[in-house]
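A.B. asks: Have a look at this one before I ask anything.
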Amino acid sequence: MNGAELLVQCLENEGVTIIFGIPGEENLAFLEALRTSNIRLILTRHEQAAGFMAATYGRLTGKPGVCLSTLGPGATNCVTAVSYALLGGMPVVFITGQKPIKKSKQGRFQILDVISMMEPITKFTKQVVNAGTIPAMIRDMFRIAVNGKSGPVHIELPEDIAAEKTDSIPFPTNTVLYSIAHPDAILQAAQIIREAQYPLVLFGAAANRNHLCPLAKELIQATGLYFFTTQMGKGVVDEHSPSCLGTAALSDHDYIHCAIDRADVIINIGYDVAEKPPFFMNNGAMKVIHVHFAPADIDEVYFPQHEILGDIGHSLRALKDALADTNHSNNAFFHHIHKEINEHVFQDQGHDCFPNTPQRIVSDINKTVADNSIISLDNGMYKIWFARNYKASHSHSLLLDNALATMGAGLPVAISTKLVHPEKQVIAVCGDGGFMMNSQELETAVRLDLHLIVIVLCDNGYGMIKWKQRGMDYPYFGLDFANPNFIHYAESYGAKGYRITKNDAFVSQLSYCLNNPGVHLIEVPVDYSENEKVFLKELQNKTCLF
């Protein structure tokens, strides 16, 4: 067999069933080997979108996704998606092609030093220089992608190495188990929590894994501890819980920060400093306990005083057992905060105005979709509203990125999610700015015959930056644009398009789309004047004297 055929065999050996990407000339031997394999190729319209899809596959399954591109421009188009996977802790194997390295007649045409480019944004990157080394390299990369903090790895397969003959075979796979936390670390943490008056639990991105969520729920139910989440930790425990204080969608001044400011101990489970800080540590009375499989990355706003390091699932069980004699459910202050958050943040928004307010849009979606649905958010002003106001009922029910926080990911993430979970309702919510960055993937969704709803929130500008611009007392400038006719645009790809023109039409239109197959795009005008009303006035002027 040749190197390309061996690489495909190694991928099959690792359990790979799907690859996202766009092949090029230098990948043709690999493409031919893929044609006769049991691995499905999802051809996309842009390599960045393919990378987002592969990263989402890794995020949802815990197994590395795989993304394929050619050399040069194909590889550079992957850079944003590689960075997305790195900061977001998503396991992905990126495979790029390259010109022959032993003898080439094309000079430096399309050749970049892709290995050096990938080095600072991957956990590992290497060029294959001998086909016989492929089995060891692939086995190593799949281990690296998931060990410690998950993330991207990269392999470059030159054209001549792909054609090189070899008699090597795939390496056997194995499962690596994490070490467990030292018992003394558990007991010391339990003592700190037991002595606290206002202990709070924070769930971060690394806790948002299917096998950890039941254990997190058991900890909360057994101890009565109140909890909140980072944006990427939403859904670790059902937010309908009486112990839920919501999400730290803002870094300060929200209702949740009344609880955070009162807390004397915060137990951070699965938090990573790559996520936007959910609160700012200071050198005051607050103690922070870091529960993770890896030591904390010390930062100016994050320097935990105690750490529980090891398998997070084991730590959750051990902490629950160590706190068996403790119950914090009767904390009157946190109970009051819970009530305030339900009244001011999680309430059903009934504003009878048009265009719709972001709160009304969040509320309408929350009450219309099924409990096990998954919403994929692009990046924009609405992401804060969804993170803050949407009640997540299960792990990954609200997929958002608050690490790289790149625009353009919402639709590709939704496509990958629907492939992983074809039985679930999947909805992409995008701003008009972010949607147009990868809107060509509508064709991919139609070609794959997916049942997918895409909601495009239109304000004809970059709304989040406008909000920041206004908050800094700058005049509006440089952030407005025009949009295509989204109905015609969707129809040109073979999707169905709709425009909301009155306040009470959105729920019925969304319900129709959820109950009828195909790719549906709903254009929803949005009124972002609520940004100033709520974030720049209501929250800045509130007090925590309750």
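The values are calculated or read from the model by the stated rules, or taken from the named source; none is laboratory data. Remember, predicted model here, so these are calculated numbers, not experimental data. Virtual Cβ from ideal backbone geometry, glycine too; neighbours counted across all protein chains shown.
A.B. asks: So which of 93, 66 is closer than 19 Å to residue 39 by Cβ, free of Cβ contacts under 8 Å to residues at least 60 places away in the same chain, buried (at least 18 other Cβ atoms within 10 Å of the Cβ) and outside the structural domain of residue 277 (by TED's automatic domain parsing)?
C.D. replies: 66
A.B. asks: State which residue is farthest from residue 341 (Cα to Cα) when the search covers only the stretch 246-289 and only residues that are in a loop (DSSP other than H, G, I, E, B) and more than 26 Å from the chain's Cα centre (by Cα).
C.D. replies: Among those that are in a loop (DSSP other than H, G, I, E, B) and more than 26 Å from the chain's Cα centre (by Cα), it is 283.
A.B. asks: While we're here: When the stretch 69-88 is examined, which residues are found to be surrounded by fewer than 24 Cβ atoms within 10 Å (Cβ to Cβ) and either more than 19 Å from residue 22 (Cα to Cα) or not assigned by TED's automatic domain parsing to the domain that holds residue 140 (or both)?
C.D. replies: 86, 87
A.B. asks: Quick test for you: out of 409, 414, 403, 428, pick the one residue that is small (Gly, Ala, Ser), within 12 Å of the chain's Cα centre (by Cα), crowded, with 22+ Cβ neighbours inside 10 Å and closer than 23 Å to residue 507 by Cα.
C.D. replies: Exactly one residue qualifies, and that residue is 414.
A.B. asks: Does any residue of the stretch 157-165 turn out to be under 23 Å from the mean Cα position of the chain (by Cα) and either at pLDDT 95 or above or in a loop (DSSP other than H, G, I, E, B) (or both)?
C.D. replies: No: zero hits.
A.B. asks: Can we say residue 503 is closer than 22 Å to residue 357 by Cβ, touching a residue at least 40 places away in the same chain (Cβ under 8 Å) and not hydroxyl-bearing (Ser, Thr, Tyr)?
C.D. replies: yes
A.B. asks: Here's a follow-up. Going by the structure shown, is residue 307 acidic (Asp, Glu), surrounded by 14 or more Cβ atoms within 10 Å (Cβ to Cβ) and under 19 Å from residue 244 (Cβ atoms)?
C.D. replies: No; evaluated as a whole, the condition is false for this residue.
A.B. asks: Can residue 52 be described as assigned to a helix (DSSP H, G or I), touching an Asp or Glu at 6+ places or on another chain (Cβ under 7 Å) and in the same structural domain as residue 28 (by TED's automatic domain parsing)?
C.D. replies: Taking the combined requirement at face value, the residue does not satisfy it.
A.B. asks: When you scan the stretch 66-73, do you find a residue that is part of a helix (DSSP H, G or I) and closer than 29 Å to residue 212 by Cβ, even just one?
C.D. replies: No, every residue in the stretch 66-73 fails to be part of a helix (DSSP H, G or I) and closer than 29 Å to residue 212 by Cβ.
A.B. asks: Moving on to the next point. Criterion first (touching a strand residue (DSSP E or B) at 6+ places or on another chain (Cβ under 6 Å), closer than 20 Å to residue 427 by Cβ and either surrounded by 15 or more Cβ atoms within 10 Å (Cβ to Cβ) or acidic (Asp, Glu) (or both)) does residue 521 satisfy it?
C.D. replies: yes
A.B. asks: Condition check: of a type in the set (S, T, N, Q), in contact (Cβ under 8 Å) with a residue 24 or more places away in the chain and buried (at least 17 other Cβ atoms within 10 Å of the Cβ). Does residue 511 satisfy that?
C.D. replies: It is false that residue 511 is of a type in the set (S, T, N, Q), in contact (Cβ under 8 Å) with a residue 24 or more places away in the chain and buried (at least 17 other Cβ atoms within 10 Å of the Cβ).
A.B. asks: Go through the stretch 134-164 and give me each residue that's surrounded by fewer than 17 Cβ atoms within 10 Å (Cβ to Cβ) and either over 21 Å from residue 86 (Cα atoms) or not assigned by TED's automatic domain parsing to the domain that holds residue 55 (or both).
C.D. replies: 136, 163
A.B. asks: Take the residues of the stretch 436-494 that are surrounded by 16 or more Cβ atoms within 10 Å (Cβ to Cβ) and among the acidic types (Asp, Glu): which is nearest to the chain's Cα centre (by Cα)?
C.D. replies: 441
A.B. asks: Here's something else I'd like to know. If you check residue 166 against the conditions, is it among the polar types (S, T, N, Q) and more than 30 Å from residue 279 (Cα to Cα)?
C.D. replies: Criteria met by residue 166.
A.B. asks: Here is a further query. Being touching a Cys at 6+ places or on another chain (Cβ under 7 Å) and either part of a strand (DSSP E or B) or closer than 18 Å to residue 514 by Cβ (or both) is the filter here, so list the residues in the stretch 403-432 that pass it.
C.D. replies: Selection gives 410, 411.
A.B. asks: Filter the stretch 315-339 down to residues that are buried (at least 18 other Cβ atoms within 10 Å of the Cβ) and out of contact with any strand residue (DSSP E or B) (no Cβ under 9 Å at 6 or more places or on another chain) and give me whichever is farthest from residue 502 (Cα to Cα).
C.D. replies: That would be 322.
A.B. asks: Exactly one condition in (1) in a loop (DSSP other than H, G, I, E, B); (2) without any contact (Cβ under 8 Å) to a residue 60 or more places away in the chain is not met by residue 352; state its number.
C.D. replies: (2)
A.B. asks: Still on this structure: Filter the stretch 290-304 down to the residues that are aromatic (Phe, Trp, Tyr) and assigned to a loop (DSSP other than H, G, I, E, B), then identify the one that is surrounded by the most Cβ atoms within 10 Å (Cβ to Cβ).
C.D. replies: By that ranking, first place goes to 293.
A.B. asks: Considering only the stretch 105-132, state which residues are at pLDDT 95 or above, crowded, with 17+ Cβ neighbours inside 10 Å and of a type in the set (S, T, N, Q).
C.D. replies: 122, 125, 127
A.B. asks: Is one or more of the residues making up the stretch 476-490 at pLDDT below 95 and charged (D, E, K, R)?
C.D. replies: Checked against the condition, which is being at pLDDT below 95 and charged (D, E, K, R), the stretch 476-490 yields at least one hit.
A.B. asks: Which one of 288, 273, 237, 201 is in the same structural domain as residue 311 (by TED's automatic domain parsing) and touching a residue at least 60 places away in the same chain (Cβ under 8 Å)?
C.D. replies: Residue meeting the stated conditions: 201.
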